[in-house]
Amino acid sequence: MTKHIEYYFTPVSPWAYLGHERFLAIAAAAGATIAYKPTDYGKVFPISGGLPLAKRAPQRQTYRQFELKRWSAFLNLPLNPHPKHFPVSADLASRVVIAADRAGQDAGRLLGAIMRAVWAEERDASDPATLIEIADTVDIEGRHLLMAADTDAVRTAFEAHTEDAIAAQVFGAPTYIYRGEPFWGQDRLDFLERALAAG
């Protein structure tokens, strides 16, 4: 039976960034396919009880900083916990990933480059010119990709992914769903790996 993972995320999530390369490696080792489903968490949070970062209690925001620093050091991944271009709208970056995936391009590599740009390179993932440059660096024609990202088909797909997330009771990023079982957060990747090994 084919192993298939639904990957719900936003391209500006630090937690998705921290887990992304490990997730790709785990999926590849298990021979699993990935459905990339960038999600509009601005629509998910009001339904799931979540809050945007700026509206969270101060103690939660403070603890988040400790965790980001811990995980960055533990994984040896560069991460600026206070990036210059965060928060920004993730809509265009989400649609760019969808457009790449629909065109048969390496959406995983592109997504990794976008997240790295935000969290390690002080770049603006909401800026069209920046996204074109990022796509070009991973051997995807950036201008064509941006044009595709603005089509009705891609916009509809983005909305559908968000609806899927709500239906699947997703409430945070990243969330990996394998055979109906959700794994929320990059710190649950060990459990996902075990589930994949079990069949």
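Only the coordinates and a few stated rules stand behind these numbers; no lab work does. Keep in mind that this is a model prediction, so the values were computed, not measured. Neighbour counts run over all protein chains shown; Cβ positions are idealised from the backbone, glycine included.
Before moving on, here are some points about what is shown:
- Members of segment 12-43 found to be farther than 17 Å from Tyr178 by Cβ, small (Gly, Ala, Ser) and within 12 Å of the chain's Cα centre (by Cα), listed by number: Ser13
- Test: residue in segment 94-111 that is in contact with a Phe, Trp or Tyr (Cβ under 7 Å, 6 or more places away or on another chain) and among the acidic types (Asp, Glu): yes
- Residues of segment 100-120 classified as in contact (Cβ under 8 Å) with a residue 40 or more places away in the chain and buried (at least 21 other Cβ atoms within 10 Å of the Cβ), total: 9
- Condition check for Met115: in contact with a helix residue (DSSP H, G or I) (Cβ under 9 Å, 6 or more places away or on another chain), over 18 Å from Ile34 (Cβ atoms), of a type in the set (A, V, I, L, M) and in a helix (DSSP H, G or I): no
- Counting only helices (runs of 4 or more DSSP H) that sit completely within segment 1-99, those holding 1 or more residues that are surrounded by fewer than 16 Cβ atoms within 10 Å (Cβ to Cβ), free of Cβ contacts under 8 Å to residues at least 60 places away in the same chain and of a type outside the set (A, V, I, L, M) correspond to 41-48, 58-75.
- Residue match in segment 44-56 (condition: within 14 Å of the chain's Cα centre (by Cα) and within 27 Å of Thr151 (Cβ to Cβ)): no
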